[in-house]
Amino acid sequence: MNATVAKRRELKKMMPLLLLAAPGLLYLLINNYIPMLGIFIGFKEVDFTKGIFGSDWVGFANFKFLFNTSDAFIMTRNTILYNVAFIVLGTICSVFIALLMSELLTKVYSKFFQSGLVLPNLISMVVLSYLVFAFLNSDSGFINLSILRPLGLPEISWYSEAKYWPYLLVIIQLWKSAGYGSIVYFAFIAGIDKSIYEAAKIDGAGKLKQIFNITLPLLKPTIIILGLLSVGRIFNSDFGLFYQVPMNAGALYSTTQTIDTYVYRALIQLNDIGMSAAAGLYQSLVGFILVLIVNAIVRKVNADNALF
């Protein structure tokens, strides 16, 4: 009886927190878990006259579509390499920004710069694509018209030359997401006990020594956990970044084609929902396996920093 009363009291204490978490949990259930029931669509040839449940089973035929194409290597390579660059460079930039923000002594300045850094993340990719176009347009773009032409340098046809876009896409992604990604790191740094830094000052440690010997070691578990979560989406790409920003230019497909953009273009042309579902399942499974592998490696090196 006492155990039952204790459980009820504990539940009563937790009720405000559960109610607070309820909207987020409901969104997670509706947006992430309920759609998983549609996994079986990836193994069917969807015929709208028969309906989804009445359509014929085709086994792994939909998955073959992703691997039989001549672009399979290109789109897989681009997806993985871009995401690796985004994870590594994005983490470095986000941590660097968080360290700079933590050195601002005035809260007014801190809030002002935080707002400015988060703002790019709120800009739609459609709007961003036209901002980029204003810079890179061959005829009237800012770079050609105001920089290269006055300097007497040859103008560049940005939307026809694929070799520039790996750098452009990485820069655009970092500009858009690094500030937003720094919020978590900044919040963690703000929570570090200030007495540790005061003790380091007494011992004669300067700012750089404090960062490398106190801040970064304490920040390491957070960096690893966020890195592990990012690895889970290494086979997914930001559709807007790779489709909208390059303006869907065919000349750039060798460096802008990813799994997501390829599936979208194929879906528009073939109207094959089963193939699209198979691609989504493939990306999710590979991402899940990668998270397990990387987490196992981290757990072997340092179990305290592992995700689970």
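Observations on the structure shown:
- Conditions (1) out of contact with any Phe, Trp or Tyr (no Cβ under 7 Å at 6 or more places or on another chain); (2) in a helix (DSSP H, G or I); number of the one not met by Thr261: (1)
- Scan segment 172-208 for residues that are within 24 Å of Phe239 (Cα to Cα), surrounded by fewer than 18 Cβ atoms within 10 Å (Cβ to Cβ) and basic (Lys, Arg) and the total you get is 0.
- If you go through segment 277-308 and keep only what is open to solvent by 60 Å² or more (accessible area, probe 1.4 Å), aromatic (Phe, Trp, Tyr) and assigned to a helix (DSSP H, G or I), you end up with just Phe288.
- Index of the failed condition, Leu169 passing every other in (1) open to solvent by less than 70 Å² (accessible area, probe 1.4 Å); (2) within 23 Å of Thr256 (Cβ to Cβ); (3) assigned to a loop (DSSP other than H, G, I, E, B): (3)
- The residue that is most open to solvent (accessible area, probe 1.4 Å), among those in segment 124-156 that are within 25 Å of the chain's Cα centre (by Cα) and of a type in the set (Gly, Ala, Ser), is Ser124.
- Going through (1) farther than 30 Å from Ser138 by Cα; (2) among the β-branched types (Val, Ile, Thr); (3) without any contact (Cβ under 8 Å) to a residue 60 or more places away in the chain one by one, Ile171 falls short only on (1).
- When residues in segment 31-77 are screened for being free of Cβ contacts under 8 Å to residues at least 12 places away in the same chain, in a strand (DSSP E or B) and loosely packed, with under 12 Cβ neighbours inside 10 Å, 3 of them pass.
- Residue within segment 82-92 that is at pLDDT below 85, open to solvent by 40 Å² or more (accessible area, probe 1.4 Å), aliphatic (A, V, I, L, M) and out of contact with any strand residue (DSSP E or B) (no Cβ under 7 Å at 6 or more places or on another chain) present: no
- Residues of segment 209-232 that are closer than 30 Å to Ile259 by Cα and open to solvent by 60 Å² or more (accessible area, probe 1.4 Å): Ile225, Leu229.
- The number of residues in segment 224-275 that are in contact with an Asp or Glu (Cβ under 7 Å, 6 or more places away or on another chain) and basic (Lys, Arg) comes to 0.
- Within segment 251-276, being open to solvent by 30 Å² or more (accessible area, probe 1.4 Å) and farther than 24 Å from Ser160 by Cβ holds for Leu267, Leu270, Asn271, Asp272, Ile273, Ser276.
- Test: residue in segment 62-74 that is at pLDDT below 85 and β-branched (Val, Ile, Thr): yes
- The one condition in (1) farther than 30 Å from Val95 by Cα; (2) free of Cβ contacts under 8 Å to residues at least 24 places away in the same chain that Leu252 fails to fulfil: (2)
- Evaluation of Ser254 against the conditions (1) within 29 Å of Phe48 (Cα to Cα); (2) more than 15 Å from the chain's Cα centre (by Cα); (3) of a type in the set (Ser, Thr, Tyr) shows that the sole unmet condition is (1).
- Within segment 14-30, tally of residues that are of a type outside the set (A, V, I, L, M) and surrounded by 10 or more Cβ atoms within 10 Å (Cβ to Cβ): 1
- Qualifying residue in segment 233-250 (condition: part of a helix (DSSP H, G or I), open to solvent by less than 40 Å² (accessible area, probe 1.4 Å), over 18 Å from Leu66 (Cβ atoms) and modelled with pLDDT of 85 or more): yes
The values are calculated or read from the model by the stated rules, or taken from the named source; none is laboratory data. Because the structure is predicted, anything quoted here is derived from the model rather than measured. Cβ atoms come from the backbone with ideal geometry, glycine included; neighbour counts cover every protein chain shown. Areas reflect the complete protein model, heavy atoms only, side chains present, ligands, DNA and RNA absent. Shrake-Rupley method; radii C 1.70, N 1.55, O 1.52, S 1.80 Å.
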